[in-house]
Amino acid sequence: MQNNTNLFKRQGESAPKELVADRMVAWYPKSNERIKVLIQKVPLTSQVMFDYKQQKGISKDWKCWALEMLENGMETPGIVQFAGEDLNMNIFEFNSLVCTISQELGIDLSNDDAYYQYALGIAHQVVNGEISSEKGFKILYQAAIDTNYHEAFRNVYYLEDDAELLRDGFYCMYGDGSMRKENIEEWMYQYFEKLIKINE
């Protein structure tokens with residue numbers, strides 16, 4: 001898969017000009033430090049937290065997450081139990097076990113951190129070259145719909161609408177005009193870079 005970093009920073013070329021103004025991401029809240037550390041150790045944490053908020057129940061991602069946590073030295077009774085569970089676990093047992101694990105890890109899943117961390121997780125996937133910037137925007141566009149337009153995704157939702165208008169030859173309706181038909185992917189890539197930067 002092509003690495004986005006190389007797409008915009010090829011050898012011998014100067015760095016691309018700044019397209020995304022700081023104010024486009026200035027609204028984004030700082031990460032909870034405890035959650036930030038867990039995600040740095042096991043990036044899948046942002047995905048499973050989001051899935052939990054979406055009430056999706058147990059999945060292969062949760063099993064992989066539990067095993068990765070154990071491999072990274074995050075061994076708690078709840079995580080050990082989770083790693084041994086099968087995918088037929090009922091929703092009540094699942095929710096109870098996730099609550100136990102969140103207490104063991106010292107994180108609060110009752111607030112909206114999971115949504116912001118999910119968006120940051122997608123941003124990291126883009127900057128690491130795992131997915132394209134346009135794919136990242138489409139994932140967060142769908143997340144906006146799935147969460148009834150939660151603030152963590154609303155900005156991207158409207159910016160993706162702008163991109164669609166530009167692709168069809170129309171003018172932007174939401175952004176500041178710096179996104180253009182010829183720079184959509186690069187603009188989106190810089191947007192994700194800035195999301196990450198404000199959370200460093």
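The values are calculated or read from the model by the stated rules, or taken from the named source; none is laboratory data. All figures in this text were calculated on a predicted structure; none of them were measured in a lab. When we count neighbours, we look across all protein chains shown, and the Cβ atoms used for this are built from the backbone with ideal geometry, even at glycine. Heads up: the accessible areas ignore ligands, DNA and RNA and are worked out on the full protein's heavy atoms, side chains in. Shrake-Rupley method; radii C 1.70, N 1.55, O 1.52, S 1.80 Å.
Overview of results
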{"quantity": "Sparsely packed chymotrypsin sites (Phe, Trp or Tyr not before Pro) within segment 94-200, loop by DSSP, other Cβ within 10 Å at most 10", "calculated": "Tyr171"}
{"quantity": "With all protein chains modelled, accessible area of Asp86 [1.4 Å, Å²]", "calculated": "90"}
{"quantity": "Helix axis angle, 133-146 relative to the chain longest principal axis, alpha carbon, degrees", "calculated": "60"}
{"quantity": "Label-to-label distance, nm, for residues given as Cys64 and Phe92 (7 Å Cα→Cβ offset)", "calculated": "3.1"}
{"quantity": "Which listed pairs, of Lys63/Lys197; Lys135/Lys194; Lys36/Lys194; Lys17/Lys181; Lys138/Lys194, have C-alpha distances above 21 Å, in listed order", "calculated": "Lys63/Lys197"}
{"quantity": "For segment 147-200, alpha-carbon Rg and Dmax in angstrom", "calculated": "11.8, 36"}
{"quantity": "0 to 90° range, to nearest 10: angle between helix 44-53 axis and the chain longest Cα axis", "calculated": "80"}
{"quantity": "FRET efficiency estimate (nearest 0.05) - Cβ-Cβ, Val37 to Gln142, R0 30 angstrom", "calculated": "0.60"}
{"quantity": "For Asn148, net neighbour charge (Lys/Arg +1, Asp/Glu -1) across residues whose Cβ lies under 15 Å away", "calculated": "-1"}
{"quantity": "Label selected from (1) 16.9; (2) 18.2; (3) 18.6, the criterion being Kirkwood radius over Cα pairs in Å as computed here", "calculated": "(2)"}
{"quantity": "Carbon/sulfur fraction of accessible area - segment 155-200, other protein chains in place, 1.4 Å, %", "calculated": "52"}
{"quantity": "Whole-number accessible area per residue in Å² for segment 91-200, which is evaluated in the context of all protein chains at 1.4 Å", "calculated": "48"}
{"quantity": "Calculated FRET efficiency for the pair Ala26/Thr76, C-beta based, R₀ 41 Å, to 0.05", "calculated": "0.65"}
{"quantity": "The chain, relative contact order [Cα under 8 Å, separation at least 6], %", "calculated": "28"}
